[in-house]
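The values are calculated or read from the model by the stated rules, or taken from the named source; none is laboratory data. The shown structure was predicted, so the numbers you read here are calculated from the model rather than taken from an experiment. Methodologically, a virtual Cβ is constructed for each residue, glycine included, from the backbone with ideal geometry; neighbour enumeration extends over all protein chains shown.
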Amino acid sequence: MPTRTPDPPTPGGAGTGGAGRVTIADIARGLGISKAAVSYALTGRPGVGADTRQRVLATAEQMGWYPSSSARALMGADAGVVGLVLSRPPELLTLETFFVHLLAGLEKVLADRGSSLLLRVIGDHPDEEIRTYRRWWGEGRIDGVILLDERFRDPRVEQVREMNVPAVLCGGPLKKWTMPALWTDHAADADRAVEHLHALGHRRVAHISGPTEFVHERARRRGVRRAGAKRGMRIETVEGSYTGPAAAEQTERLLRGGERPTAIIYGNDVMAASGLSAAVTAGFAVPDALSVLSWDDSQLATLMRPSITSLRRDNMAYGALAASTLIDLVEGRNRGLVQLPASDLVDRDSTSPPAG
């Protein structure tokens with residue numbers, strides 16, 4: 001019984017396109033040639049002449065044909081898509097301007113380089129994050145992933161390495177991580193913040209951090225304590241969350257203490273704004289009775305009264321760097337460990353010498 005050689009994979013799928021989708025069958029009918037010839041032309045394989053290839057490519061562009069992700073995976077082609085899963089509560093994204101700026105930077109670079117972003121927000125479920133990446137990678141929907149919010153003993157690191165999916169870690173440095181990592185010197189940022197308060201005359205300072213499951217928050221807490229010890233200051237570190245109400249509650253507790261701080265450093269601008277409001281409501285004028293400093297800067301810091309002194313970094317540039325570093329990795333260029341620029345301190349109205 002004769003055997004039949006299977007047709008080559010069809011980059012645009014099969015059929016007549018249904019729902020308006022242009023397929024290689026449509027292109028073949030329009031040109032009066034076989035679907036196999038169209039497929040060979042579109043995938044750059046030998047089997048058709050140069051003139052035919054040019055006709056097929058021109059017709060495909062004119063008709064608005066695009067390869068499906070499943071067909072691209074069958075052909076071993078890049079999907080042109082970067083995957084990002086955010087294991088954060090969706091409501092937090094409406095407050096945290098960090099993510100808005102980061103995503104804007106990502107999209108800018110991806111659009112310029114002909115790629116796109118596949119984004120999913122899953123809430124506080126890091127296990128679901130790796131399952132999502134495993135599914136996307138297995139389906140050929142992505143070329144690589146960006147790992148945000150490095151956690152202490154982060155299970156994603158080993159699992160992504162086992163999957164052999166290209167990845168950029170926004171964190172590190174890690175000894176066993178061989179792919180690119182974007183590293184921030186949180187100790188240097190902490191020293192800059194503490195030095196600002198020390199120069200103003202503060203000697204009792206509190207730091208309300210974000211959750212210490214995140215590596216960057218642990219690094220910030222260590223940095224603040226070391227910077228304070230180096231200058232003979234009394235530093236109290238308190239673990240909080242990234243929400244406003246929690247920061248307000250922690251602020252009220254600190255100000256009710258026997259030796260209350262004369263300044264508080266907050267983990268982000270939302271926490272700082274809520275802490276400032278809580279302090280004023282409790283009768284502590286800012287900055288006369290309490291100085292307030294935020295680790296992250298945003299427009300919110302400028303809208304508060306008084307405006308909030310902040311550590312500023314370019315989060316759009318951060319997102320752009322993450323995107324370009326991952327695309328480079330997919331194309332065979334590993335940048336390795338990349339240190340991000342240090343944050344700038346923006347001195348506004350919420351910090352001043354302590355009263356008395």
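Things worth noting here:
- Among the residues of the stretch 120-140, none qualifies, meaning not one is assigned to a loop (DSSP other than H, G, I, E, B), charged (D, E, K, R) and in contact with a Leu (Cβ under 7 Å, 6 or more places away or on another chain).
- Which numbered condition residue 160 fails, given (1) modelled with pLDDT under 95; (2) surrounded by 21 or more Cβ atoms within 10 Å (Cβ to Cβ); (3) not in a helix (DSSP H, G or I): (3)
- Filtered residues of the stretch 42-56 (kept if assigned to a helix (DSSP H, G or I), more than 38 Å from the chain's Cα centre (by Cα) and either modelled with pLDDT of 90 or more or not small (Gly, Ala, Ser) (or both)): 51, 52, 53, 54, 55, 56
- Residue count for the stretch 86-119, restricted to those that are surrounded by fewer than 19 Cβ atoms within 10 Å (Cβ to Cβ) and small (Gly, Ala, Ser): 4.
- Residue in the stretch 212-242 that is farthest from the chain's Cα centre (by Cα), counting only those that are in a loop (DSSP other than H, G, I, E, B) and under 15 Å from residue 265 (Cα atoms): 233
Per-residue answers, yes or no, for (1) among the hydroxyl-bearing types (Ser, Thr, Tyr); (2) under 21 Å from residue 225 (Cβ atoms); (3) touching a residue at least 60 places away in the same chain (Cβ under 8 Å); (4) in contact with a strand residue (DSSP E or B) (Cβ under 6 Å, 6 or more places away or on another chain):
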| residue | (1), (2), (3), (4) |
| --- | --- |
| 242 | yes, yes, yes, no |
| 245 | no, no, no, no |
| 251 | yes, yes, no, no |
| 271 | no, yes, yes, no |
| 284 | no, no, no, no |
| 294 | yes, yes, no, yes |
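- Matching residues, the stretch 320-349, being in contact with a helix residue (DSSP H, G or I) (Cβ under 6 Å, 6 or more places away or on another chain) and not in a strand (DSSP E or B): 320, 323, 324, 335, 342, 343
- Complete set of residues in the stretch 244-274 that are surrounded by 18 or more Cβ atoms within 10 Å (Cβ to Cβ) and either of a type in the set (D, E, K, R) or in a loop (DSSP other than H, G, I, E, B) (or both): 261, 262, 267, 268, 269
To keep it simple, each residue is scored yes or no on (1) surrounded by fewer than 18 Cβ atoms within 10 Å (Cβ to Cβ); (2) at pLDDT 80 or above; (3) within 28 Å of residue 138 (Cα to Cα).
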position	(1), (2), (3)
19	yes, no, yes
40	no, yes, yes
58	yes, yes, no
65	no, no, yes
